[in-house]
Amino acid sequence: MSVLLDLSSRYADVVTAVFSEPIAFKAWFATVAVSLAVVQVLSAARIYGRLERIIRIPYPPIGRIHRWSGRLVVLFTLPVAFHCIFILGFQTTDTRVVVHSLAGSFVYGVFAAKVFIVKDHGYPRWALPVVGGTLFTIMTTLWLTSSLWYFTEVRFGF
């Protein structure tokens, strides 16, 4: 238990070197992740032949944009997940927190399903957009129940 407390205090020290408090760090990193998730949805739509007239980036570059934005989403969500899991934990204080805790419990499972479907081409063509859309919906729910709440109810700033 003392190792976890030591890790938690080191985490807070690193985070508060830039942000006013760890929760501000979490809100801003989640905002970057959701913004990149929007890039994921738009680039996926372009890859699937939608939005060709709006997004005029040809296939090889749009594929790279999609892959790198996805990698960056994971990179930005890992410290947020650490904060949620090891510092805050699963909570049931009010409806917003319950929805956030439940959605957070599913996010990496749906992400793993998306990676499996991408790598295994035996799934129906509709499976990847459904799982990707589900992942985007969960991430948006997490952002709405945490970052948006923080920015509107606590403070908008670093």
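The values are calculated or read from the model by the stated rules, or taken from the named source; none is laboratory data. If you're wondering where the values come from, they're calculated on a predicted model, not measured in any experiment. Every residue, glycine among them, receives a Cβ derived from its backbone with ideal geometry; neighbour counts consider all protein chains shown.
Data overview
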item: So R64, is it of a type outside the set (G, A, S), more than 16 Å from the chain's Cα centre (by Cα) and in a loop (DSSP other than H, G, I, E, B); result: no
item: Residues that are surrounded by fewer than 16 Cβ atoms within 10 Å (Cβ to Cβ) and touching a helix residue (DSSP H, G or I) at 6+ places or on another chain (Cβ under 8 Å), drawn from the range 114-126; result: V118, Y123
item: Subset of the range 114-148 [within 18 Å of A81 (Cα to Cα) and hydrophobic (A, V, I, L, M, F, W, C)]; result: L135, F136, I138, M139, L142, W143, L144, L148
item: Any hit, the range 66-81, residues being touching a Cys at 6+ places or on another chain (Cβ under 7 Å) and surrounded by 14 or more Cβ atoms within 10 Å (Cβ to Cβ); result: no
item: Flag for P22 being more than 17 Å from V118 (Cα to Cα) and either aliphatic (A, V, I, L, M) or in contact (Cβ under 8 Å) with a residue 60 or more places away in the chain (or both); result: yes
item: Residue within the range 21-43 that is more than 19 Å from Y150 (Cβ to Cβ), touching a His at 6+ places or on another chain (Cβ under 8 Å) and not hydrophobic (A, V, I, L, M, F, W, C) present; result: yes
item: Condition broken by V99, with the remaining ones in (1) of a type outside the set (D, E, K, R); (2) at pLDDT 85 or above; (3) surrounded by 12 or more Cβ atoms within 10 Å (Cβ to Cβ); (4) over 21 Å from the mean Cα position of the chain (by Cα) satisfied; result: (4)
item: Tally, over the range 115-158, of residues that are over 22 Å from F29 (Cα atoms) and of a type in the set (K, R); result: 2
